[in-house]
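All of the numbers you see were taken from the coordinates with simple rules; none came from a lab. Bear in mind the structure is a predicted one, so any value in this text is a computation, not a measurement. Heads up, the Cβs are rebuilt from the backbone with ideal geometry, glycines too, and the neighbour counts pull from every protein chain shown.
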Amino acid sequence: MKRPTLLALQLAVGLVMLLVWHVLTTVPIGGRKLLDPFFFSTPLDVLARVWKDFYAGTIWRHLGITLLETVLAFVFGSVGGIVFGFVFARGELIAAVFDPYIKAANALPRVVLAPIFALWFGLGIWSKVALGFTLVFFIVFFNVYQGVREVSPTILANARMLGMNERQLLRHVYWPAALTWMFSSLHTAVGFALVGAVVGEYLGSAAGLGYKIHEAESVFDVTGVFAGMMILAVFVIVIDAVVTAIEKRLLVWRPGTQSTTTQG
Amino acid sequence: MEKALAAPPAIALRGVSISFRLAEGGAYDAVARSDLAVAPGEFVAIVGPTGCGKSTLLNVAAGLLAPSTGQADIFGVRLAGLNAKAGYLFQQDALMPWKTALDNVAVALEPRGVSRAAALARAREWLARVGLSAFVDRYPHMLSGGQRKRVALAQTLIRDPEILLMDEPFGPLDAQTRQIMGNLLLDLWSRDRKAVMFVTHDLEEAIALADRVVVMSAGPVATIVGDFPVGLGRPRDIAEIRTEPDFHAIHKAIWATLRGEVQRAYARGEGRTA
Ligand SMILES: Nc1ncnc2c1ncn2[C@@H]1O[C@H](COP(=O)(O)OP(=O)(O)OP(=O)(O)O)[C@@H](O)[C@H]1O
Ligand SMILES: [Mg+2]
């Protein structure tokens, strides 16, 4: 399908959903509105609120903080996941010894950590970064671990026959192989970094998108909640597009990322 | 042959046996007490039924696999660890998929300490030599099977190894491409005759390329059951040489030995001809 057609269809779906929401909350059907605007607000109110937030400029600070937390959580989580993924994949013993602890730590619902992190790191951005970190770290860790372990034995043997030492193998074989796996989980990792940030803000902070939503919720300002969610949704789409662009650039070598293939 | 007497063989497998420990317990004795010598500058082809242990033998010569008994001597020195004098063209695809053809070839010089600029320049030369000048910036998945094999050939030869181990390098290619590649290989080899151990399942290809054809028996406990000199002149053209009467005589002699082994392999429920 052509790109403009696809875009038009995607926009159409969004518009239809807004329209349905609008009709159900404003047009009486059979004598009453099917959705009470007090609980569901209306699209026009929500859009007006979004516009107001941006027009007044108050939202930028919150967006900036959430973005900062997301980026920090992603960067720290990725670096940690890569380092530990490599160490564990190359060291059989370490991997075997720590295996149950890794599994246990990963199984822990992160929400229960939020209050502890707030206690340890305060109500500023660092408790949110920590929460995002615990989510991102494990995704990247498992993928890098897998990537390093599952390097094709033939490619490895070939590289060794070419005379590569351990450092050159790391650079030319293990690292690119691990990166592929990491990139396959990049969207999830970025998504979880954002989840960590927003949930952290929601549970206790004085700034950020999660805080905005929580603030509106506590005074039953449904329009404010929906406006916050809408901004969050657009924010996610923008971040995801950035990730896709980065991915396209770094993984040009992968089949399917380019439309031209040659048979010779 | 005089040369072989004076200098130690490039490769000498002495009493090599390989048995694989199986996961479910027990062991599989793949190859037993095999002796094989390849003189410097000699082109030896190995044929045998599928699964007999040809790749296994190459892995021993490459130092990737330690034999259970016996030893491999490289230019008279017992091999311990990887064989640094050998270039190995694997049966499976072994190019790094994340590097372009050019980088795949150039990176082979990095362990030698060649500067990146010099390595790239020489890689371009080698890709031109294997007829891939127009494809230097392609990634492996954007190349055909034959083009990938040629990149792998350039990657192996750019290091100028004294020994060349080739495991069915033209296996997945069609007949025409095989001929082109075979002639290319002979052309490159004739410039500075390396010792070659060439595994193939195509007897005609083996005869057309090699100075000697070695036949392995069907596994398990496979061993070398035939060693046939190929007295055909050089330079050769792979396609034309097949029409010579001598070619047919040699083919007939080797096939008499090989056929029995292939049939034994079939009887054991294995597949392909050799
Ligand atoms: N790691 C291993 N563990 C157990 N058995 C193995 C292992 N590697 C190879 N074998 C067995 O050893 C025998 C020889 O294998 P090898 O790959 O050398 O065969 P081959 O002659 O190269 O066959 P083909 O022509 O099909 O490539 C086979 O029967 C195979 O099943
Ligand atoms: Mg094989």
For segment A:58-74, 3J(HN,Hα) per residue [Karplus equation, 6.51 cos²θ - 1.76 cosθ + 1.60, θ = phi - 60°, Hz, x = Gly/Pro]: 5, 6, 4, 4, 5, 4, x, 5, 4, 4, 4, 4, 4, 4, 4, 4, 5
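Given R₀ = 41 Å, FRET efficiency for B:Ala23-B:Ala117 by Cβ-Cβ distance, to 0.05?
Numbers: r = 48 Å, r/R0 = 1.17.
My answer for the efficiency is 0.30.
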Likely footprinting exposure, A:Ser152, B:Ser190, B:Ser55, fewest C-beta neighbours within 10 Å first: B:Ser190, A:Ser152, B:Ser55
Estimated [θ] at 222 nm from DSSP helical runs (n ≥ 4, -39500 (n - 2.57)) normalised by residues in chain A, nearest 500: -25500 deg cm²/dmol
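Would you mind working out the magnitude of the charge dipole of the protein assembly as shown relative to its Cα centre, with +1 at each Lys and Arg C-beta and -1 at each Asp and Glu C-beta, to the nearest 20 Debye? Kindly include the intermediate steps, with their values, before the conclusion.
Numbers: 50 positive and 43 negative charges, 104 e Å.
So the magnitude is around 500 debye.
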Neighbour-count order for A:Phe84, A:Phe121, fewest beta carbons within 10 angstrom listed first: A:Phe121, A:Phe84
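Once a ≥ b ≥ c are taken as the square roots of the eigenvalues of the Cα gyration tensor of segment B:1-127, is the result rounded (a/c under 1.5), prolate (a/b larger than b/c) or oblate (a/b not larger than b/c)? Working shown, then result.
Values: a/c = 2.29, a/b = 1.43, b/c = 1.60.
Note, shape of segment B:1-127 comes out oblate.
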Vicinal HN-Hα couplings computed from phi for segment B:98-103 (Karplus, 6.51 cos²θ - 1.76 cosθ + 1.60; Hz; Gly/Pro x): 8, 10, 5, 3, 4, 5
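Set the bar at 28 Å for Cα to Cα. Now go through A:Lys248/B:Lys85; A:Lys103/A:Lys212; B:Lys149/B:Lys194; B:Lys54/B:Lys252; A:Lys2/A:Lys212; A:Lys212/A:Lys248 and name every pair that lies beyond it.
Details: A:Lys248/B:Lys85 40 Å; A:Lys103/A:Lys212 34 Å; B:Lys149/B:Lys194 19 Å; B:Lys54/B:Lys252 22 Å; A:Lys2/A:Lys212 38 Å; A:Lys212/A:Lys248 34 Å.
The pairs that break the limit, which is 28 Å between Cα atoms, are A:Lys248/B:Lys85; A:Lys103/A:Lys212; A:Lys2/A:Lys212; A:Lys212/A:Lys248.
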Isotropically averaged projected area of chain A, using the convex hull of Cα atoms (one quarter of hull area), nm²: 20.2 nm²
Additional length obtainable on full extension of the chain from A:Arg32 to A:Trp120, 0.36 nm per residue less Cα span: 26.6 nm
Label-point separation in nm, A:Met229 to A:Ala206, each point 7 Å along Cα→Cβ: 2.9 nm
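Based on DSSP, what percent of beta bridges with both residues in the protein assembly as shown are antiparallel, to the nearest 5?
On the way: 21 of 39 bridges.
Looking only at bridges with both residues in the protein assembly as shown, the antiparallel portion is about 55 percent.
For A:Leu15 and A:Val252 in the same chain, what is the full-extension length gain: residue separation times 0.36 nm, less their Cα-Cα distance, in nm?
Values: separation 237, 0.36 × 237 = 85.32 nm, distance 3.47 nm.
Here the answer is 81.9 nm.
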Environment charge of B:Arg212, counting only residues whose C-beta is closer than 13 Å and scoring Lys/Arg +1, Asp/Glu -1: -3
Anisotropy class of the protein assembly as shown from Cα gyration tensor, a/c 1.5 cut: prolate
B:Leu209, A:Leu72 arranged by Cβ crowding within 10 Å, fewest neighbours leading: A:Leu72, B:Leu209
At R0 = 41 Å, FRET efficiency that the Cβ-Cβ distance of A:Leu47 and A:Val111 yields, to 0.05: 0.85
Global form of segment A:1-143, assessed from the alpha-carbon gyration tensor, a/c cut-off 1.5: prolate
Cut-off 12 Å (backbone N to label point 7 Å along Cα→Cβ of A:Arg61), residues of segment A:207-222: A:207-208
